[in-house]
1. Where does the chain land at 222 nm, in deg cm²/dmol rounded to the nearest 500, when only DSSP H runs of n ≥ 4 count, each adding -39500 (n - 2.57), divided by all residues?
2. Counting just the Cα atoms, what span does the range 1-154 cover along each of its three principal axes? Round to the nearest Å and put the largest first.
3. Tell me which residues come under 5 Å, amide H to amide H, from V37 once H is placed; ignore anything under 5 positions away on its chain.
4. How high is the relative contact order of the chain, in percent, counting Cα pairs under 8 Å that sit 6 or more residues apart?
5. Run the simple label-point estimate for E248 and E171 please: 7 Å along Cα→C-beta, distance reported in nm.
6. When the accessible area of the chain is computed with all protein chains present and a 1.4 Å probe, what percentage of it is carbon and sulfur?
7. Which of the pairs K32/K194; K194/K233; K16/K69; K69/K110; K30/K194 have their Cα atoms more than 22 Å apart in this structure?
8. Taking mean projected area of the Cα convex hull in nm² as the quantity of interest, determine which of (1) 17.3; (2) 19.0; (3) 14.1 was computed from the displayed structure.
Amino acid sequence: MATIIVVTSGKGGVGKTTTAAAFGTGLALKGKKTAVVDFDVGLRNLDLIMGCERRVVYDLINVVNGDAKLNQALIRDKRVDQLYMLPTSQTRDKDALQREGIERIMDELKESFDYVVCDSPAGIEHGAQTALYFADEAIVVTNPEVSSVRDSDRMVGILASKSRRAERSEEPVKSHLLITRYDLGRVERGEMLKVEDVVEMLALPLLGVIPESESVLQASNVGAPVVLDETSKAGQAYRDAVARYLGEQLEYRYVSGEKRSFLNFGSLGFVNRLWRRSA
């Protein structure tokens with residue numbers, strides 16, 4: 001049975017779709033049969049980043065409505081064995097995400113895959129809540145900025161209260177923190193939060209730190225998840241995040257000397273005061 005992972009944050013523009021594509025591809029590169037599902041109805045972009053936009057015939061909403069079977073809508077990646085993508089509709093709105101239909105699709109995917117990675121839309125409304133409802137685990141994506149971290153903290157609360165696991169009083173959704181667009185120069189100038197600040201604010205285990213990199217945009221433009229670019233620092237950071245998720249213990253690359261205290265929630269007075277004012 002597959003593990004369902006939702007990639008979420010609440011805030012738009014933090015790199016959820018880039019992360020869903022990279023993480024799903026990384027799992028497949030590790031030999032895990034993986035399906036990446038686009039839940040961003042009306043603003044479909046995952047197929048572009050994964051380079052299969054011209055191969056879309058049926059989509060998630062077609063399957064929800066019974067107009068197509070799941071196997072008709074799934075697109076098999078040409079570059080990575082074990083990787084599949086389920087696009088969503090570009091012409092419907094998020095109300096088309098009917099929970100009963102999504103449950104049927106998730107149950108069918110769980111029978112055939114090792115991992116199902118769900119790319120959540122921005123916000124905390126119907127689309128995002130549907131994407132996370134069936135999740136077993138979550139990757140909470142945030143930029144090292146107070147507004148982004150605050151939105152992620154709100155999403156952590158929703159995961160804890162509005163998922164199916166919460167409704168059934170089961171083990172809670174296991175959440176992991178992924179920090180994206182990390183710029184060491186801006187951190188050293190005091191323009192961005194340090195990694196340890198973000199970890200303390202959200203109190204989640206740190207899965208990875210993705211540096212700001214032009215290669216992310218370049219990869220998106222050519223329809224290739226950045227994790228496939230072996231020369232990219234961001235791509236390497238995503239590969240490291242996947243390896244950590246699968247149990248490997250690796251140091252964090254491209255980060256300052258603060259990395260020694262990532263998991264030590266010490267006293268950060270200024271950050272705590274700033275957090276309380278913005279909450």
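1. Working: 13 runs with 115 residues, N = 279.
Helix-only estimate at 222 nm: -11500 deg cm²/dmol.
2. 42, 35, 30
3. For V37, the qualifying residues are L86, V117, C118, D119.
4. Details: 572 pairs, mean separation 65.1, N = 279.
Result for the chain is 23 percent.
5. Reported label-point gap for E248 and E171 is 2.4 nm.
6. Details: 5520 of 12670 Å².
Solvent-exposed carbon and sulfur of the chain make up 44 percent of the total.
7. On the way: K32/K194 33 Å; K194/K233 19 Å; K16/K69 27 Å; K69/K110 15 Å; K30/K194 30 Å.
Checking Cα-Cα distances, K32/K194; K16/K69; K30/K194 exceed 22 Å.
8. Checked against the structure: label (3).
The values are calculated or read from the model by the stated rules, or taken from the named source; none is laboratory data. Values in this document were obtained by computation on a predicted structure and should not be read as measured data. All Cβ positions, even for glycine, are placed from backbone atoms using ideal geometry, and neighbour counts span all protein chains on display. Accessible surface areas use protein heavy atoms only, side chains included; no ligands, DNA or RNA. Shrake-Rupley method; radii C 1.70, N 1.55, O 1.52, S 1.80 Å.
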